[in-house]
Amino acid sequence: MNYQSVKIFLAIVEHRSISAAARALYITQPAVSGHLHRLEEELGCPLILRQKGVQQITLTPKGEAFVPIATQWIEAEKAVLRFQEACSRRSLRMATGITAHEYIASPLVQKLLRQDPALQLNLNFIESTDSTRDRLKTAEIAQQMDVFISFLRPVPSLYLDAIPFFSEKYDVLCPMDTPLPDRLLHPRELDRSFEIFQSYPGECRTAWYAEHFPDSPQPYASVAATLTIPSHFRDPHCWAIVPASISRLLMMQHPGRFVSRSVEPTPTRTFYIYISKMYANTEVLHNLFACCREYLAERPYLQNLLPEDI
């Protein structure tokens, strides 16, 4: 049994005619009949009923039962071809959640390309929303990319492995002239009427707000993206609860404008590296994880969660 014969059988089933299948596949009718005959001989049973003068084919009970098997066989053949391609290519299709795109993906890409200048690397971002989490359960996302970095919590998946990358706490980002004392703060010391609030707080911060601000006033301002927070600080009392890595990035991008304070208890988020199980170039993958460890070693305020045996 070969790919061509099974493909021709499914074309006959789709078009309900040997002659129509031949036209659709741009081959002769005798060639289609020959493939069908050899397939039936190999399986040891007739798949269609031969009826003189009847244009449309009728499947035998065995033929009906073979249709889903043939469909799965074709899909398996395609998966093998994709696997072979992944083994031989030196490329990496990477995507990140939108908040990780600038401050995680960019340094990782630079490190990867320094180690392997011949690597063909494609970088995209995907907005980390609930709908993204639903899409992570599908085979399509595994076929479209090799690696996806996001703080979405893992979901059971037949197509993706989720590996913890790092976890981090949140800081209180505030103007340089903030009246907040330079010490460990408790959430109740934060006045939410001066908060610069991110519109999509995620699961960990949602639970934190529910516990510490059950009946709080409207925030000072709401922003869609964390990196736009600095433009909304118009009062020394303003503050924003942001991940430690973002806090350091914003202070670096705006020297002399911001300081950070620690708060306890604080939300904590974990980033995961989602690896497509269809991805098979182990050398490229090992280079990626080596770059991830180097990234973490340069940032001691992040907790390294990468397994040591990768």
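Comparing Leu49, Leu123, Leu113, which has the greatest mean-square fluctuation in the GNM of the chain with Cα pairs linked when under 10 Å apart?
Comparing Leu49, Leu123, Leu113 in a Gaussian network model of the chain, the most mobile one is Leu49.
List the trypsin sites (Lys or Arg not before Pro) in segment 256-291 that DSSP assigns to loop (not H, G, I, E or B) and whose Cβ has at most 14 other Cβ atoms within 10 Å. Which are they? Present the calculation step by step, with values, prior to reporting the outcome.
Values: sites: Arg257, Arg261, Arg269, Lys277; in loops: Arg257, Lys277.
Those satisfying the criteria are Arg257, Lys277.
Where the only charges are on Cβ atoms (+1 Lys, Arg; -1 Asp, Glu), what is the dipole of the chain about its Cα centre, to the nearest 20 debye?
On the way: 31 positive and 33 negative charges, 185 e Å.
Computed charge dipole of the chain: roughly 880 debye.
Determine the distance separating the Cα centre of segment 282-309 from the Cα centre of segment 37-81; give it in Å without decimals.
So the two Cα centres are separated by 50 Å.
Treating only the Cβ atoms of Lys and Arg (+1) and Asp and Glu (-1) as charged, compute the dipole magnitude of segment 163-206 about its Cα centre; round to the nearest 20 debye.
Working: 5 positive and 8 negative charges, 30 e Å.
In debye, rounded to 20, segment 163-206 gives about 140.
Would you work out the charge dipole size for segment 260-303 about its Cα centre, treating the Cβ of every Lys and Arg as +1 and the Cβ of every Asp and Glu as -1, and quote it to the nearest 20 debye?
Working: 5 positive and 4 negative charges, 32 e Å.
Its charge dipole is roughly 160 debye.
Got a sec to turn the phi values of segment 233-245 into Karplus ³J(HN,Hα) couplings, 6.51 cos²θ - 1.76 cosθ + 1.60 with θ = phi - 60°, whole Hz, x for Gly and Pro?
With coefficients 6.51, -1.76 and 1.60, one gets 7, 10, 9, x, 7, 5, 7, 9, 8, 9, x, 4, 5 Hz.
What percent does the relative contact order of the chain come to when contacts are Cα pairs within less than 8 Å and at least six residues apart?
22 percent
Using only the Cα atoms of segment 171-271, build the gyration tensor, take square roots of its eigenvalues as a ≥ b ≥ c, and label the shape rounded, prolate or oblate: rounded if a/c is under 1.5, else prolate if a/b is larger than b/c, else oblate.
Details: a/c = 1.32, a/b = 1.22, b/c = 1.08.
It comes out rounded by the Cα gyration axes.
Can you tell me the orientation of helix 106-115 relative to the chain, as the angle in degrees between its alpha-carbon axis and the longest Cα principal axis, to the nearest 10?
60 degrees
In whole Hz, with x marking every Gly and Pro, tabulate ³J(HN,Hα) for segment 29-41 from phi via Karplus 6.51 cos²θ - 1.76 cosθ + 1.60, θ = phi - 60°.
Per-residue couplings from phi come out as 5, x, 5, 4, 4, x, 4, 5, 4, 5, 5, 5, 5 Hz.
For Asp191, what accessible surface area do you get with a 1.4 Å probe? Give it in Å², rounded to 10.
My reading of the accessible area for Asp191 is about 80 Å².
Could you point to the residue in Asn281, Ala240, Cys204 farthest towards the positive end of the chain's charge dipole, with +1 and -1 charges on the Cβ of Lys/Arg and Asp/Glu respectively?
Going by the Cα projections, it comes out as Asn281.
Pop out the carbon and sulfur fraction of the accessible area of the chain as a percent, whole number, probe 1.4 Å.
Details: 8720 of 16160 Å².
Taking all protein chains in place, the chain shows 54 percent carbon and sulfur surface.
Say each of Glu211 and Ser106 gets a label point 7 Å from the Cα, pointing the same way as Cα to Cβ; how far apart are those two points in nm?
Output for this residue pair reads 3.3 nm.
Would you compute the Debye intensity of segment 1-66 from its alpha-carbon atoms alone, equal scatterers and no solvent, and pass along log10 I(q)/I(0) at q = 0.13, 0.26 Å⁻¹ to two decimals?
The Debye formula, applied to the Cα set alone, gives -0.29, -1.26.
At 0.36 nm per residue, minus the direct Cα-Cα distance, what do Ser222 and Glu203 gain on full extension? Give it in nm, one decimal, please. The partial results should precede the final answer.
On the way: separation 19, 0.36 × 19 = 6.84 nm, distance 1.74 nm.
Extra length from Ser222 to Glu203 when fully extended: 5.1 nm.
Please work out whether the chain counts as rounded, prolate or oblate from its C-alpha gyration tensor, where a ≥ b ≥ c are the square roots of the eigenvalues and a/c under 1.5 means rounded, while otherwise a/b larger than b/c means prolate and anything else oblate? Before the final figure, lay out each step's value.
Values: a/c = 3.76, a/b = 2.59, b/c = 1.45.
Prolate, because a/c is 1.5 or more and a/b exceeds b/c.
The values are calculated or read from the model by the stated rules, or taken from the named source; none is laboratory data. Nothing here was measured: the structure is a model prediction, and the numbers come from that model. Positions of Cβ are backbone-derived with ideal geometry, glycine not excepted, and every protein chain shown enters the neighbour counts. Surface areas here come from the heavy atoms of the whole protein model, side chains and all, with no ligands, DNA or RNA. Shrake-Rupley method; radii C 1.70, N 1.55, O 1.52, S 1.80 Å.
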